[in-house]
Amino acid sequence: MNIKKFLRSKWLMAALAIIIIAVILCIVLKPKPQAVVLPTVATESVKTEDVYIYGDYVGRIRAQQFVEIRARVEGYLEKMLFEEGTYVKKGQTLFIIDPQIYRAQANRAKAQLNKARAQATKAKRDLDRIRPLYEQNAASLLDLDNATASYESALADVAVCEADLTQAEMTLGYTAVQSPISGYISERNADIGTLVGPGGKSLLATIVKSDTVRVDFSMTALDYLRSKNRNVNIGHRDTTRKWDPYITVTLADGSQYPYRGLVDFADPQVDPQTGTFGVRAEMPNPDQTLLPGQFTQVKLLLDVHENAVVVPSKALIIEKGGAYIFVVRPDNVAEKRLVVTGPEISGNRTVIERGLVTGEHIVVEGYHKLTHGMQVETVETSGDGMANIEE
């Protein structure tokens, strides 16, 4: 019996030891619960800035003034007093037309005037002699009337001769053809010795004043309506705004012209054939870089959105229901929010009209891993808008 009890106790102890070891192994080998891994996204703080909205058009350069130099009197061209293609000043003599016949006419008119003045002087003396004789009844009323009429007729002849002399001197002055403006002159259109004037060639040269140029381009009626909706009157200065519609142009080599031009005119009616209306801007051209007649690309400032919310275009999710952006709340929960987008601007950015406020954090990278209401880990983007995210 003692041996049986001893063996039984041994088996119980062995079984107990096995059970204890099994329990320990279960505890040790039991798999630990894995920690929840949150998706990591790159975020960016919402900021505001002034956004400049431009329109692109095709424009044509036009000189501020384009004057044709024409012969106003007939005669043979004697001299040309300028170099073709050079800068001439206002009042500078350009051509000389044979003045001999016109000088003779002026001399004749001057002689006629002197004769009329002499006759008027004699008539005045005759009248001065007759008047006291008439008062003394030594001359008749007829004699006084004849003397008065002779004097008045002589004065009229003087006036006519003065007008003839003025006209003759003006005609003589037209033989020296002068520049009416300052600018660059073209090549001559008539050679020396050519008969010019009303019966011959009239156009002698052209002068272009292009230190200031005009840029003509066309805008659509839709552009006009949009500008009206923004209370922008194209072609009219508005002192209530901090800015005015200005243009910049692109040169033939693709570079941007350093000066700006202000829009100063817009056609009040639309061309029914093209559906556009003409717009004009003036632009300085001190170095004659812009040549009249050339075409150029015109960029027009249409509007300025002050303190507009701007986000990277890559943060937008475009779906059938509209445009969405994931916004990370302060508790790191991602919220899919519907937004109203505005125009796209340079730098792959988009204006947000409604849906975001300054200071909120939006997801700019990694939104494809998110659903609405998901907890996330955030990484702020660097200054260049880039962030390293482990997939």
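Of the residues that sit in the stretch 315-333 and are out of contact with any helix residue (DSSP H, G or I) (no Cβ under 8 Å at 6 or more places or on another chain) and of a type in the set (Gly, Ala, Ser), which one is surrounded by the most Cβ atoms within 10 Å (Cβ to Cβ)? Spell out how you get there, then give the answer.
Taking the stretch 315-333 as the starting set, the residues that turn out to be out of contact with any helix residue (DSSP H, G or I) (no Cβ under 8 Å at 6 or more places or on another chain) are 316, 318-324, 327-333.
Within this subset, residues satisfying the condition of being of a type in the set (Gly, Ala, Ser) are 321-323.
On the way: 321: 7, 322: 12, 323: 16.
Top of the filtered list is 323.
Assess whether residue 291 counts as being modelled with pLDDT under 90 and touching a Phe, Trp or Tyr at 6+ places or on another chain (Cβ under 6 Å). Don't jump to the end; show me each part of the working.
Working: modelled with pLDDT under 90: yes; touching a Phe, Trp or Tyr at 6+ places or on another chain (Cβ under 6 Å): no.
When the stated conditions are applied, residue 291 does not pass them.
Taking into account only those residues within the stretch 46-89 that are under 25 Å from the mean Cα position of the chain (by Cα) and polar (S, T, N, Q), which is nearest to residue 260 (Cα to Cα)?
At the first step, the residues of the stretch 46-89 found to be under 25 Å from the mean Cα position of the chain (by Cα) are 49-67.
Next, from what is left, pick out any that are polar (S, T, N, Q): 64-65.
On the way: 64: 16, 65: 19 Å.
Among those that are under 25 Å from the mean Cα position of the chain (by Cα) and polar (S, T, N, Q), it is 64.
Only one residue in 335, 344, 353, 306 is assigned to a strand (DSSP E or B) and within 15 Å of residue 39 (Cα to Cα). Which one? Walk me through how you get there before you give the answer.
On the way: 344 fails: within 15 Å of residue 39 (Cα to Cα); 353 fails: within 15 Å of residue 39 (Cα to Cα); 306 fails: within 15 Å of residue 39 (Cα to Cα).
Unique residue meeting the criteria: 335.
Could you list, in sequence order, all residues of the stretch 100-130 that are exposed (fewer than 14 other Cβ atoms within 10 Å of the Cβ) and either of a type outside the set (Val, Ile, Thr) or not in a helix (DSSP H, G or I) (or both)?
Once the filter is applied, which keeps residues that are exposed (fewer than 14 other Cβ atoms within 10 Å of the Cβ) and either of a type outside the set (Val, Ile, Thr) or not in a helix (DSSP H, G or I) (or both), the stretch 100-130 yields 100, 104, 107, 108, 111, 114, 115, 118, 122, 125, 128, 129.
Of (1) at pLDDT below 90; (2) in a loop (DSSP other than H, G, I, E, B); (3) at negative phi; (4) surrounded by 13 or more Cβ atoms within 10 Å (Cβ to Cβ), residue 383 satisfies all except one. Which?
(4)
May I ask you to verify whether residue 51 is part of a strand (DSSP E or B), under 30 Å from residue 286 (Cβ atoms), out of contact with any Cys (no Cβ under 9 Å at 6 or more places or on another chain) and modelled with pLDDT of 75 or more? Talk me through it step by step, then tell me what you get.
On the way: part of a strand (DSSP E or B): yes; under 30 Å from residue 286 (Cβ atoms): no; out of contact with any Cys (no Cβ under 9 Å at 6 or more places or on another chain): yes; modelled with pLDDT of 75 or more: yes.
No, not satisfied.
Could you check the stretch 335-355 and list, in sequence order, the residues that are at positive phi and either among the small types (Gly, Ala, Ser) or surrounded by 18 or more Cβ atoms within 10 Å (Cβ to Cβ) (or both)?
Keep residues of the stretch 335-355 that are at positive phi, which gives 347-348, 355.
Result: 347, 355.
The values are calculated or read from the model by the stated rules, or taken from the named source; none is laboratory data. Here the structure is a predicted model, which means the values were calculated and not measured. Glycine gets a Cβ as well: all are built from the backbone with ideal geometry, and neighbour counts include every protein chain shown.
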